[in-house]
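A short write-up of the structure that comes next.
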Amino acid sequence: MTPPPRARRPLLGLLVAYALVLAVVLLFPRGEMPTTANAFITTLVQRFGADPTLVTPERMEVVLNVLIMVPLALLGRLLRPGYSWRDWTAVGFVLAASVELFQGLFLPERSASALDIVANTTGVGLGAIVGSLLRIPIRRREARRRSETPGRHDDGVRSDLGGRSRR
């Protein structure tokens, strides 16, 4: 059950825009952008009362690597409901490993990290699970709409007056 066309177009636009921003952040040749963002967010979280001994730049980097992938999988799961959260997590692992391999081979100022692969894959899994949870009310609404439509069976085939269904 894919989203209706009027909802599909904005979701697809958001997905493409987010994927482009993500590509710039992950494949930017120098590590200044992610490092600066990490330092800024770490300081911000600490100013809001987080314990500086717990909220360190190293830990915050892992958290941010998880969070940066959540929207990608969430939007993807909403657009492609036929793919399960497990499918999206596998795609996320391949994507994260590919990005880290690219960084290690072609971006000398960036560092490839197995921890980033784990964190990114975790983020994709979480985003896909949230997308699955958001799809539950949509499925219930669609099921209710089907059951309220007269002359339709559960399979969505309209029946004739004789009670037999036509295909």
Report task. Please give the calculated 222 nm ellipticity per residue for the chain, where each DSSP H segment of at least 4 residues contributes -39500 (n - 2.57) and the sum is spread over every residue; nearest 500 deg cm²/dmol? Result -> -24000 deg cm²/dmol
Query raised in the report: In square angstrom, rounded to the nearest 10, how much accessible surface does Val99 have for a 1.4 Å probe?
Result: 20 Å²
Report task. Leaving ligands, DNA and RNA out of it, work out the accessible area of Leu105 with a 1.4 Å probe and give it in Å² to the nearest 10. Result -> 110 Å²
**Report entry** Accessible surface, 1.4 Å probe, highest first, among residues Tyr83, Tyr18
**Finding:** Tyr83, Tyr18
Query - Accessible area of Ile136 in the full protein assembly, 1.4 Å probe (Å², nearest 10) - result: 60 Å²
Requested in this report: With a 1.4 Å probe and all protein chains in place, put Met33, Met60, Met69 in order of accessible area, largest first.
Outcome: Met33, Met60, Met69
Report summary line: When the chain is treated as a Gaussian network with springs between alpha carbons less than 10 Å apart, the largest mean-square fluctuation among Thr35, Thr122, Thr53 is found at Thr53
Query - Table column - 3J(HN,Hα) (Hz), the range 122-128, Karplus curve with 6.51, -1.76, 1.60, x for Gly and Pro - result: 4, x, 5, x, 5, x, 5
Report summary line: Taking a probe of 1.4 Å and leaving out DNA, RNA and ligands, the chain shows per residue an accessible area in Å² of 66 Å²
Query - Gaussian network model of the chain, Cα within-10 Å springs - most flexible of Arg146, Arg77, Arg135 - result: Arg146
**Report entry** Proportion of all alpha-carbon pairs of the chain beyond 22 Å (%)
**Finding:** 56 percent
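The values are calculated or read from the model by the stated rules, or taken from the named source; none is laboratory data. Being a predicted model, the structure only gives us computed values, none of them experimental. Heavy atoms of the whole protein, side chains included, go into the accessibility calculation; ligands, DNA and RNA do not. Shrake-Rupley method; radii C 1.70, N 1.55, O 1.52, S 1.80 Å.
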